[in-house]
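The values are calculated or read from the model by the stated rules, or taken from the named source; none is laboratory data. Given the structure is predicted, the values throughout are model-derived calculations rather than measurements. Using ideal geometry, Cβ is built from the backbone for each residue, glycine included, and neighbour counts are taken over all protein chains shown. Accessible surface is based on the protein model in full, side chains and every heavy atom, while ligands, DNA and RNA are left aside. Shrake-Rupley method; radii C 1.70, N 1.55, O 1.52, S 1.80 Å.
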Amino acid sequence: SVLSQSFTSFELIIINDCSPDPVKEIVSGFTDPRIKYFENNFNIGNESVVKNWNKCLEKATGKYFILMGDDDLMETDYLEGFNRLIDKKPDLNVYHCRVKLIDEYSKVYGFSPLCPEFESVYDNIWHRINGYRLQFISDFVYNTNELKKNNGFYELPLAWFSDDVTSFIAAVEKGIAYTSETLLCFRRSPESISSSGDPEKKLQAFKGFTEWLNSFLEIKPNNNNDKIVKEQIIYFYPEYKKNSLVEALTDSYKKDNLLKIFRWIMIKKQFNITNKEILLSVLKYFKHKAGRLFNRK
């Protein structure tokens, strides 16, 4: 899907992170000079997914950078659409688009909600924590130099929330522009990192996200509108935090069964988890399980 772009001036950087799949053989089947292929000496992603993202960024020479998920698809006019958006708002550091949602069989089952053509970082955060935004790593285009100045993608365990924080940081100074053109097909798969992985690392990532947000909210906004939205973020964040923790705990039971409850009780202070959140996660787990049994009948 990358090589089929109608906008042809780009480089495609592929990093083989010691994959068990025949990546080198697949890449060798293409003769396109825009492909730049590299191999890691060891599995960087096993240690840190974000470090591998940033290694890809280091090798980028283009003015703008996209981190493309290897199971997602670009529409043929992805780069062309973003080029039009950049022409409209040339001074920004980050841009994003509407997304088409596909399953593991590439069947379309939905779209991400529409966004305004421009918004401040405060508006974007507020909409994100209230569930009005559905965004992923590959529907963002960054100014390469500015992203590098910000030390690349924000490091968090399993890269959870790393894409969010990275886009927020890029939008702090100048905001973020959006195109309603559906340019990316994002694949939801049970095998993705976001659908699996160590639940404790996920909670570490959420804790890191909370620490970043609290630090950001200490900064005084430049205008009155952002001041008001900032207060809304502070007001609504506890509910978002509770729901996020309950969801993460519930997912851990699906993988490790309910015995994980005892582990969460033992280490709850480490992740600022309350007894109420643990109880809500158990109730949500049984509700989910009852719903699946009902569906089978």
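Tabulated values for the structure
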{"quantity": "Globularity index of the range 83-125, i.e. its alpha-carbon radius of gyration over 2.2 N^0.38 Å", "calculated": "1.49"}
{"quantity": "Span per principal axis, largest first, for the Cα atoms of the chain (Å)", "calculated": "56, 52, 40"}
{"quantity": "Estimated 222 nm signal from helices in the chain, with DSSP H stretches of n ≥ 4 weighted -39500 (n - 2.57), rounded to 500", "calculated": "-14500 deg cm²/dmol"}
{"quantity": "Protein-only accessible surface order, largest first, of Phe65, Phe7 at 1.4 Å", "calculated": "Phe7, Phe65"}
{"quantity": "Gaussian network model of the chain, Cα within-10 Å springs - most flexible of Gly45, Gly175, Gly110", "calculated": "Gly110"}
{"quantity": "Zero-based 10 Å bins, Cα pair distances in the range 184-286, whole percents", "calculated": "13, 38, 29, 17, 3"}
{"quantity": "Rotationally averaged projected area of the range 21-162 (alpha carbon convex hull; nm²)", "calculated": "10.3"}
{"quantity": "Point-to-point label distance, Ser4-Ser19, nm (Cα→Cβ direction, 7 Å offset)", "calculated": "1.8"}
{"quantity": "Gaussian network model of the chain, springs between alpha carbon atoms under 10 Å - residue of Phe186, Phe82, Phe42 with greatest fluctuation", "calculated": "Phe42"}
{"quantity": "18 Å Cα-Cα reach of Lys284 towards aspartates and glutamates, excluding residues that sit fewer than 8 places from it in its own chain", "calculated": "Glu239, Glu247, Asp251, Asp256"}
{"quantity": "All aspartates and glutamates inside 20 Å of Lys24 as judged from Cα atoms, apart from same-chain residues fewer than 8 positions distant", "calculated": "Glu11, Asp32, Glu39, Asp70, Asp71, Asp72"}
{"quantity": "Among Glu146, Glu247, Glu25, residue whose mean-square fluctuation peaks in a GNM of the chain (springs only between Cα atoms under 10 Å)", "calculated": "Glu25"}
{"quantity": "Two-decimal Rg/Rh across the range 103-144, once Rg and the Kirkwood Rh are taken from alpha-carbon atoms", "calculated": "1.03"}
{"quantity": "Cα convex hull of the range 110-213, projected area averaged across orientations, nm²", "calculated": "7.0"}
{"quantity": "The range 1-56: Cα Rg divided by the 2.2 N^0.38 Å rule of thumb", "calculated": "1.23"}
{"quantity": "Cα-based Lys pair tally, the range 97-252, threshold under 14 Å, eight or more apart or on separate chains", "calculated": "4"}
